[in-house]
Amino acid sequence: MKIITDLSNFTADRGTVVTIGTFDGVHCGHQKIIKRLTEAAKAEGLLSTVFTFFPHPRMIVQHDTQLRLLHTLAEKQTLLAALGVDLLIVQPFDKKFSQMSAEEFVEELLVKHLRVQKVIIGYDHRFGKNRTADIRDMHRFGEHYGFAVEEISAQEVDEVSVSSTKVREALLSGQVEKAESYLGVPYSLTGKVVHGQKLGRTLGYPTANIQVEEDYKLIPADGVYVVYSLLEGRKVYGMMSIGKNPTIADKGSSIEVHFLDYDGDLYDKSLTVYFIKYLRAEQKFASVAALQQQIEQDEEQSRKAIALR
């Protein structure tokens, strides 16, 4: 998959089939649309093209600093590549771009640079300055510039919308298994392993303290989870704690994972962790000894969950 972040110096080497959207999560609903895109492009010898935006338009137009996304840009790129997309356009979304008229967007970007032959978009899709253009305008532009327009039905659009909402709701309540059922893959997060207070060592459970760089990445609810990572070419399971560690004074918020049956050095490495199961909510214990006892129980429950996979 080729990734383009500046269309001004790019022209597709052949015609394209384009779909447009944020595609946050690339969940099962999105995957159906991408499948239609790639099949249509393959049938006509064209390039399957996803046109997306970064940052998310709501962050710029609505100044929504609280918006959290299911996938980082890098994660989205990996998922779309795996679905067979030929070309990914990551349009920098800023105030200048938000002022581009609908016809300018179609003529300059879709027609001139992407040589579009077909656009696949939702029946309720709105675009251009102040989102004033709609599907009727896209049909009109298609007739004028010579490309086809395929509408995504209300049922399919609703499925995408509902799935996105359900994934967020599931993750924010710790239901990572339910989120996986919508995404088609386990939810994950990636971060750098940094030095913490090393308190886990004193409890017999050393942890990798993960620092997620992207502040817009949605972090699941505080609590303890069964997780896994791919380490040294193999799947290694572990227990992850997300939260404020109320039992330890001045510990602060953290994301920490203890890997079972692994003792390698992970400091300063980038680590991707996949969520399997929610074990319990975060809680404050009367003593460090009580916390250690609970962690031992967490390990027992984790190993039982892992054995069932």
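Points to keep in mind about this one:
- Of the residues making up the range 213-245, those that are in a loop (DSSP other than H, G, I, E, B) and either at pLDDT 95 or above or open to solvent by 50 Å² or more (accessible area, probe 1.4 Å) (or both) number 11.
- Checking each residue in the range 158-174 for being out of contact with any His (no Cβ under 7 Å at 6 or more places or on another chain), part of a helix (DSSP H, G or I) and at pLDDT 85 or above picks out THR165, LYS166, ARG168, GLU169, ALA170, LEU171, LEU172.
- Strands (runs of 3 or more DSSP E) completely within the range 1-114 that count 3 or more residues being buried (at least 19 other Cβ atoms within 10 Å of the Cβ) and touching a residue at least 24 places away in the same chain (Cβ under 8 Å): 16-20, 47-54, 87-92
- Residue list for the range 1-60, filter: of a type in the set (Gly, Ala, Ser) and at pLDDT below 95: SER8, GLY21, GLY25, GLY29
- With respect to the conditions (1) assigned to a helix (DSSP H, G or I); (2) within 25 Å of GLY25 (Cα to Cα), ALA289 lacks only one, and its number is (2).
- Just one of the numbered conditions (1) in a helix (DSSP H, G or I); (2) under 27 Å from ASP64 (Cβ atoms); (3) of a type in the set (Asp, Glu); (4) touching a helix residue (DSSP H, G or I) at 6+ places or on another chain (Cβ under 7 Å) is not true of ASP124: (1).
- All told, ILE210 falls short of being under 13 Å from the mean Cα position of the chain (by Cα) and either in a helix (DSSP H, G or I) or over 21 Å from ALA307 (Cα atoms) (or both).
- Of all residues in the range 131-139, none satisfies being closer than 17 Å to LEU87 by Cβ and in a helix (DSSP H, G or I).
- Within the span defined as the range 298-308, one or more residues are in a helix (DSSP H, G or I), out of contact with any Gly (no Cβ under 8 Å at 6 or more places or on another chain), surrounded by 15 or more Cβ atoms within 10 Å (Cβ to Cβ) and of a type in the set (Asp, Glu).
- Flag if ILE152 is open to solvent by less than 20 Å² (accessible area, probe 1.4 Å) and farther than 20 Å from TYR228 by Cα: yes
- Restricting attention to the range 275-291 and to residues that are among the hydrophobic types (A, V, I, L, M, F, W, C) and modelled with pLDDT under 95, the residue that is surrounded by the most Cβ atoms within 10 Å (Cβ to Cβ) turns out to be LEU291.
- Set VAL185, VAL162, VAL212, VAL194: member being touching an Asp or Glu at 6+ places or on another chain (Cβ under 9 Å) and β-branched (Val, Ile, Thr): VAL194
The values are calculated or read from the model by the stated rules, or taken from the named source; none is laboratory data. It should be emphasised that the depicted structure is a prediction, and the values quoted were computed from it without experimental measurement. Please note: Cβ atoms are built from the backbone with ideal geometry, for glycine as well, and neighbour counts cover all protein chains shown. Remember, those area values only see protein heavy atoms, side chains included, never the ligands or the DNA or RNA. Shrake-Rupley method; radii C 1.70, N 1.55, O 1.52, S 1.80 Å.
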